[in-house]
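Everything below concerns the one structure shown next.
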Amino acid sequence: MVGVLQRFEQRLEGAVTGAFARAFRSAVQPVEIAAALQREVDNSAHILSRERMLVPNDFTVELSPPDFDRLTPFSGTLADELATLVREHVEEQRYTMPGTLAIQFKKTGELSTGRFRVRSRTNASVTPVAGQRMTDTAVRASGVVIEVNGMKHPLSPPGVVIGRGNEADLKIDDPGISRRHAQIKVNQDDGHTTVTIVDLESTNGVILNGRKVSSGVVADGAEIRLGNTVIVIRMTEVV
């Protein structure tokens, strides 16, 4: 049976040009990157339930400046083939990914020619609140903003319900999050804003600044973990 890495090599041989082959002759080899990504997936897998294991879906391959410069003209082709390899491996091992797969290349002066490093993270896709304005102006004008996976979402009273299901206001496609997981409540009184987090009887609970809570008052800079996703609260006022 042909393995994932062998299929990757066969596809790459059919896709690359002579220039591509010469670019990697004395530097990092594509199959080395492929094998490292496969190991990263396996080493980062953690248990969600008896039959489900969550793996990262966002990968960065760090390269030395010479290797990065050689790779740049062919990075699109290589990224596509590496993504196919990762998807095949995830399917064969019956892993679960939290969102869209992404692979990018990054230059770093810390590495010498021929050396590379793979970093990964779990990055669930996020669907904004229906009808919510996501412009920079709307974010700056809001007294409360939540940051999820690099996206900023302005909040207004009464707040939002967060979950994985379609009935949630803010939908996060994280398998560790319940369909209706938690509610962030925003209350304004006499010019003061109070924000609270409430667990809606979720399966995995709510972690506020490292502690599991059923409810709690949230301050500026607080971190809320739901499933495998961290939400950061930003406030323009001190509660």
Any residue at all in segment 47-58 that is open to solvent by 40 Å² or more (accessible area, probe 1.4 Å), polar (S, T, N, Q), out of contact with any Asp or Glu (no Cβ under 9 Å at 6 or more places or on another chain) and under 21 Å from Val230 (Cα atoms)? yes
Which members of segment 179-193 meet the condition of being at pLDDT below 95 and either aliphatic (A, V, I, L, M) or surrounded by 16 or more Cβ atoms within 10 Å (Cβ to Cβ) (or both)? Val186, Thr193
Identify the single condition in (1) in contact (Cβ under 8 Å) with a residue 60 or more places away in the chain; (2) part of a loop (DSSP other than H, G, I, E, B); (3) not charged (D, E, K, R) that Val232 does not satisfy, given that it satisfies every other one. (2)
3 or more residues closer than 25 Å to Pro175 by Cα and under 21 Å from the mean Cα position of the chain (by Cα): qualifying helices (runs of 4 or more DSSP H) within segment 28-130: 30-44, 75-93
Yes/no for Phe68 being in contact (Cβ under 8 Å) with a residue 12 or more places away in the chain, buried (at least 19 other Cβ atoms within 10 Å of the Cβ) and in contact with a Ser or Thr (Cβ under 6 Å, 6 or more places away or on another chain): no
Name the one entry in Val55, Val41, Val61, Val31 that is modelled with pLDDT of 90 or more and closer than 15 Å to Val4 by Cα. Val41
Of everything in segment 179-195, what is assigned to a loop (DSSP other than H, G, I, E, B) and free of Cβ contacts under 8 Å to residues at least 40 places away in the same chain? Give them in sequence order. Arg179, Arg180, Asp190, Gly191
Just wondering, is there one or more residues in segment 196-217 that are assigned to a strand (DSSP E or B), of a type in the set (A, V, I, L, M) and in contact (Cβ under 8 Å) with a residue 40 or more places away in the chain? no
Of everything in segment 163-178, what is farther than 19 Å from Ser142 by Cβ and either basic (Lys, Arg) or without any contact (Cβ under 8 Å) to a residue 60 or more places away in the chain (or both)? Give them in sequence order. Gly163, Arg164, Gly165, Asn166, Glu167, Ala168, Lys171, Ile172, Ile177, Ser178
What number of residues in segment 75-87 are in contact (Cβ under 8 Å) with a residue 24 or more places away in the chain and open to solvent by 40 Å² or more (accessible area, probe 1.4 Å)? 2
Identify all residues within segment 43-70 that are among the aliphatic types (A, V, I, L, M) and touching a strand residue (DSSP E or B) at 6+ places or on another chain (Cβ under 6 Å); write none if there are none. Ala45, Ile47, Leu48, Met53, Leu54, Val61, Leu63
How about segment 206-230: which of its residues are buried (at least 17 other Cβ atoms within 10 Å of the Cβ) and within 22 Å of His192 (Cα to Cα)? Leu208, Gly216, Val218, Ala222, Ile224
Just to be sure I understand, how many residues within segment 195-205 are more than 15 Å from Ile146 (Cβ to Cβ) and surrounded by 14 or more Cβ atoms within 10 Å (Cβ to Cβ)? 5
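The values are calculated or read from the model by the stated rules, or taken from the named source; none is laboratory data. Source: prediction; values computed, not measured. All Cβ positions, glycine included, derive from the backbone under ideal geometry; neighbour counts span all protein chains shown. The area values use the complete protein model at the heavy-atom level, side chains included, leaving out ligands, DNA and RNA. Shrake-Rupley method; radii C 1.70, N 1.55, O 1.52, S 1.80 Å.
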